[in-house]
Amino acid sequence: MRISTAFQYDSYTADISNSMSRINDLQNQITTGKRILKPSDDPMGLTSVLSQTSVQNRLKQYNSNLSGAKTTLQFTDSTLNSVSNIIDSAYSVAVNGANGTNDAASRGALASQISSLQDQLLNLANAKGANGQYLFGGQKNASVPFSLNNNALTYNGDGNPITVESGPTSTLTVNTPGQQLFQNAYSQLENLKNYLTGNDTSSISGVSIDALKTIKDTVSQTRGDVGARLQTVSQLSVENQQRIDELTKSISGTQDVDMTQAITQYQLAQTAYQAALSVASHGFGLSLMDYIK
């Protein structure tokens, strides 16, 4: 059966075009390192990659949340450590003030030290985290949580928890309640200052010293809670990162090109292209090249 010249032209043109397309695809794979560049390359593989990438992005967001939580908790722990140091200093002042060898003037000087400690305590109560938000204001963390009124601390926060998503079905509380701790600590320092000013040794030894011990215990317990949450943050971050790494490997296995294989296929495709050109050239001469153009 006789084949028309036009049909032969079309056949050779299609072969050459397909060969060029194959070469271009392989060049793109080698350049990008990716096997799947368009849906038609591997529909099922692309669906798998998109699904795993979505999960991976969520895990990355969880770890970003945990990183922010870690920073806030570390700032909180550091602040509470400073509060603990203030209570230790106040305790030493109280013990000194209860010493019967001190006179009223000496206790008055000690009262001045307590005033300084109160100023430091108020500053710590209004401490900010790395994000510029107040640590102990609850969800009202953009406003100063504590103010001084009539020698006592007034709480302007709301004490509500601030949480972040730490996993698909879990959340983590980032902030730490501070109203009772700071108000009580400031009040006890105020009492101690008044006892010192009034030269009331019995109240210093019988009330203030025990109260300061209780406050120190409260601070320690609060720091313990913060420390436990920091451990949770570290554990969840490691678990999430392990899963992220697993997904990265799986995505790479599906999406990335086998470079050795791609280069081999590219060389074969070039050979096929040259062969197609040769066949066309022998069959129709240069007129085919003109036809393609």
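What the table below lists for this structure:
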item	result
Entirely in the range 67-172, the strands (runs of 3 or more DSSP E) that have 2 or more residues that are under 27 Å from residue 235 (Cα atoms)	163-167
Qualifying residue in the range 211-224 (condition: in contact with a helix residue (DSSP H, G or I) (Cβ under 8 Å, 6 or more places away or on another chain), touching a residue at least 12 places away in the same chain (Cβ under 8 Å), farther than 30 Å from residue 189 by Cβ and surrounded by 14 or more Cβ atoms within 10 Å (Cβ to Cβ))	no
Subset tally (residues that are at pLDDT 95 or above and touching a strand residue (DSSP E or B) at 6+ places or on another chain (Cβ under 7 Å)) for the range 32-67	3
Flag for residue 55 being surrounded by 17 or more Cβ atoms within 10 Å (Cβ to Cβ) and either among the hydrophobic types (A, V, I, L, M, F, W, C) or under 30 Å from residue 195 (Cα atoms) (or both)	no
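Residues checked against (1) of a type outside the set (Ser, Thr, Tyr); (2) touching a helix residue (DSSP H, G or I) at 6+ places or on another chain (Cβ under 9 Å); (3) touching a residue at least 60 places away in the same chain (Cβ under 8 Å); (4) surrounded by 16 or more Cβ atoms within 10 Å (Cβ to Cβ):
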{"residue": "144", "(1), (2), (3), (4)": "yes, no, no, no"}
{"residue": "150", "(1), (2), (3), (4)": "yes, no, no, no"}
{"residue": "169", "(1), (2), (3), (4)": "no, no, no, no"}
{"residue": "175", "(1), (2), (3), (4)": "yes, yes, yes, yes"}
{"residue": "181", "(1), (2), (3), (4)": "yes, yes, yes, yes"}
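Residue by residue, here is whether (1) hydroxyl-bearing (Ser, Thr, Tyr); (2) closer than 30 Å to residue 158 by Cβ; (3) at pLDDT 95 or above; (4) not in a helix (DSSP H, G or I) holds:
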site	(1), (2), (3), (4)
216	no, yes, yes, no
235	no, yes, yes, no
261	no, no, no, no
272	no, no, no, no
275	no, no, no, no
281	yes, no, no, no
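The values are calculated or read from the model by the stated rules, or taken from the named source; none is laboratory data. Here the structure is a predicted model, which is why all the values come from computation and not from measurement. A quick note on method: Cβ atoms are made from the backbone with ideal geometry, for glycine too, and the neighbour counts reach across all protein chains shown.
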